Amino acid sequence: MSDPVPMRAEIHSGQDLLPFRDKVFCLCLGFVGNAADARDLAQETYAKALTHYAVDRPANPQAWIMRIARNTCLDLARRKKSRGPQHPISEWTAMDGRTPEAVANREEEIGIVRKAIAGLPRRQRDVLVMREYGELSYEEIAQALAISAGTVMSRLNRARRAVLKFYREEHHEKAN
């Protein structure tokens, strides 16, 4: 007698990871600063995730794939021996009726913020990018980084204060 055929074969194709593709892209964009590299890193993230998905079977797929995305971005930074984004995101300044001066000012402001984020200690930068670009909750960040939610809140608070301080100092210098 042969084994009965299961009613539905359990296939772990990673389909439940697809809803996170925009968040993965945004997270990568936050780390590298340009859309082309972010697309490549998001694709690399999904390739890694799909390779390990059936084995790891994460309880929280979003936190799991965001951790892979973060690590993939950090691997690239190590390979390039650079910290954080290097170029302003011109995709965010698409023509929408603004004057060239307004576009230039916006790009300058984005550049200042990116420089501030790049200068943060890695632990603070990771939390800030995961929250603001990846739109993860405190609990999801905590799970992805294997730290407590309180630590996430503390690092995020320090990171935001540091970025604001840097922005005010840079903007003040540029204005004078």
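The values are calculated or read from the model by the stated rules, or taken from the named source; none is laboratory data. These numbers come from a predicted model, not from an experiment. Don't worry about glycine lacking a Cβ; one is built from the backbone with ideal geometry, like all the others, and counts go over all protein chains shown. Heavy atoms of the whole protein, side chains included, go into the accessibility calculation; ligands, DNA and RNA do not. Shrake-Rupley method; radii C 1.70, N 1.55, O 1.52, S 1.80 Å.
What the phi angles of segment 51-65 give under the Karplus curve with 6.51, -1.76 and 1.60, with θ = phi - 60°, is a coupling list of 5, 9, 4, 5, 7, 6, 6, x, 6, 10, x, 5, 4, 5, 6 Hz, glycine and proline written as x. Annotation: Leu18 carries an accessible surface of approximately 70 Å², with a 1.4 Å probe and no ligand, DNA or RNA atoms counted. Take the Cα of Arg57, step 7 Å toward its Cβ, do the same at Ala36, and the gap between the two points is 4.2 nm. For Thr151, Thr45, Thr51, the ranking by accessible surface with the largest value first comes to Thr51, Thr151, Thr45, using a 1.4 Å probe. With each label modelled as a point 7 angstrom along the Cα→C-beta vector, the Tyr167-Leu74 pair spans 2.6 nm. Measuring with a 1.4 angstrom probe and ignoring ligands and nucleic acids, Lys165 comes out at about 130 Å² accessible. Note on Ile147: accessible area approximately 40 square angstrom, rounded to 10, probe 1.4 Å, nucleic acids and ligands left out. Taking all protein chains into account, the per residue accessible area for segment 127-176 stands at 58 Å² (1.4 Å probe).
Other residues whose C-beta falls under 15 angstrom from the C-beta of Arg155 contribute a net charge of +4, scoring Lys and Arg +1 and Asp and Glu -1. Label-to-label distance for Arg21 and Ser137 is 2.5 nm, based on points extended 7 Å past Cα in the beta-carbon direction. With a 1.4 Å probe rolled over the protein heavy atoms of all chains, the accessible area of Asp37, Asp22 falls in the order Asp22, Asp37, largest first. For the residues Cys26, Cys73, a 1.4 Å probe over the protein chains yields an accessible-area ranking, largest first, of Cys26, Cys73.
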